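Worksheet for the structure shown next.
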Amino acid sequence: MSFPREAQLSLVASASRSPSPHNTQPARWRFAGDRIELHECVDRRLAVGDPTGRDQAIALGAAWEGMAIALSERGFRLGAMQRLAGNVGLVRGVGFANVEPGAKPDPLASAVRIRRAYRGTFPTADAARLSRLDELARRWPSIAWVHEAEARARIGREYDSAAAAGLRDPAFAKELYAWMRFSPRHPNWFRDGHAADCLALSPLEAWGGRLAMRPGVVRALAALGLAGLLVSETAKVRSAAALALLLSPRSEDPFATGRAFYRFWLDLAASGFSAVPMSALADSPEHSRRLVAAHAPDTDVALINVFRVGPTPEPPPAESARLPAEEILLA
């Protein structure tokens with residue numbers, strides 16, 4: 001079977017709601033008869049922030065899971081993925097699968113449009129919300145949960161340390177700034193990157209951030225030992241109902257990790273929670289080792305990320321930008 005173009009665009013738009021580092025959206029799609037191909041736009045790799053390509057592979061796995069969820073709403077499923085070789089310009093083949101009938105709608109499909117990254121201060125979780133966190137913990141035994149206030153505060157300080165260390169690298173600061181969108185006047189505000197509203201910045205904070213996060217300013221602040229002032233989130237971490245340490249076996253394919261990563265985030269959203277990745281902790285080998293040793297000792301696992309988790313506020317956080325479906329659907 002084959003999907004008409006309107007259906008292809010709808011499927012691609014839904015799959016594109018999956019998360020990616022800095023909201024880079026590397027996945028590209030092609031429909032060929034009864035199969036769907038996943039491709040990678042290689043110029044959206046983060047050369048400094050993700051030198052090994054692990055985060056990019058996780059994002060591609062999340063996008064594949066997003067396509068599987070979108071197809072399920074139409075009664076279809078993806079067969080086993082097969083490797084897709086070959087590059088065309090800046091687009092690299094990742095894999096393809098045949099589309100098969102007979103699927104039931106995925107129970108997490110309704111969470112795709114409500115999943116948010118919330119970077120503000122969370123409202124307090126009542127007893128009913130805390131009970132839902134316990135249910136999530138039972139469904140996701142591979143997640144290490146941190147509930148105690150002092151432990152959360154300690155990890156918050158670790159995050160501030162890791163994030164400040166990242167900013168002291170001029171190349172990292174420059175790459176990060178390239179993906180930040182402090183004003184709707186930015187040409188890519190509605191397309192990709194971190195927009196000020198999704199960063200929970202007020203207009204005044206966005207104005208200040210546009211100036212303070214410029215690579216030259218960051219370099220000067222780092223020289224004075226003040227880079228941490230730009231990224232400190234200890235107070236916001238304290239407001240979280242819990243922190244979730246996402247762990248995976250070191251031998252696990254990052255693509256498979258990405259599929260599970262996305263499903264966990266959708267399950268959080270379906271349960272009434274928002275979350276934000278504290279990626280600096282996973283990106284720092286030193287901080288990552290300490291967290292694994294403290295919360296998953298005597299295991300051969302890697303830290304994929306740390307989420308701070310709390311009740312979804314009202315009104316809900318802004319929805320992050322996405323590239324037009326026509327742009328990520330290949331001919």
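The values are calculated or read from the model by the stated rules, or taken from the named source; none is laboratory data. As the structure is a computational prediction, the values presented were derived from the model and not from experiment. Backbone-built Cβ (ideal geometry, glycine too); neighbour counts: all protein chains shown. The protein model used for the area step is the full one, side chains on, heavy atoms only, and it has no ligands, DNA or RNA in it. Shrake-Rupley method; radii C 1.70, N 1.55, O 1.52, S 1.80 Å.
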* Structure fact -> By the C-alpha gyration tensor axes a ≥ b ≥ c (rounded if a/c is under 1.5, else prolate when a/b exceeds b/c, else oblate), the shape of the stretch 21-158 is oblate
* To do: Please give the solvent-accessible surface of TYR118 in Å², to the nearest 10, using a probe radius of 1.4 Å with every protein chain present.
  => 40 Å²
* To do: Give the ranking of GLU148, GLU175 by solvent-accessible surface, highest area first, calculated with a 1.4 Å probe.
  => GLU148, GLU175
* Rounded accessible area per residue of the chain, 1.4 Å, Å² -> 46 Å²
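Sort LYS174, LYS104 by heavy-atom solvent-accessible area, probe 1.4 angstrom, most to least. Walk me through the numbers before you get to the answer.
Details: LYS174 140, LYS104 170 Å².
Largest to smallest exposure gives the sequence LYS104, LYS174.
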* For the stretch 184-260, what is the Kirkwood hydrodynamic radius in Å, using each pair of distinct C-alpha atoms? -> 15.9 Å
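Provide the net charge surrounding ALA294, with neighbours chosen by a C-beta distance below 11 Å and charges set as Lys +1, Arg +1, Asp -1, Glu -1.
Values: positive: ARG154, ARG289, ARG290; negative: GLU158.
Net local charge, ALA294 excluded: +2.
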* Structure fact -> The correct ranking of ASP298, ASP253, ASP160 by accessible area at 1.4 Å, largest first, is ASP298, ASP253, ASP160
* To do: Find the centroid of the Cα atoms in the stretch 273-331 and in the stretch 156-230, then give the distance between the two in whole Å.
  => 18 Å
* **Heavy atoms of HIS186 accessible to a 1.4 Å probe, total area in Å² rounded to 10** => 60 Å²
* To do: Would you give the gap between the C-alpha center of the stretch 99-144 and the C-alpha center of the stretch 1-68, rounded to a whole Å?
  => 22 Å
* To do: Could you look at the stretch 1-137 and say what percent of its accessible area is carbon and sulfur, using a 1.4 Å probe and all protein chains?
  => 52 percent
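Considering only protein heavy atoms and a probe of 1.4 Å, how much of the accessible area of the stretch 183-275 is carbon and sulfur, as a whole percent? Before the final figure, lay out each step's value.
Working: 2630 of 4330 Å².
That fraction is 61 percent.
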* Asked: Which shape class applies to the chain: rounded if a/c is under 1.5, otherwise prolate when a/b exceeds b/c and oblate if not, where a ≥ b ≥ c are the square roots of the Cα gyration tensor eigenvalues?
  -> prolate
* Charge tally in the Cβ shell below 11 Å around ALA240, where Lys, Arg are +1 and Asp, Glu are -1, ALA240 excluded -> +3
* Determine how large the accessible area of GLU65 is when every protein chain is in place; take a 1.4 Å probe and give Å² rounded to the nearest 10. => 20 Å²
* Asked: Using alpha carbons only, how many degrees (0 to 90, rounded to 10) separate the axis of helix 54-72 from the longest principal axis of the chain?
  -> 50 degrees
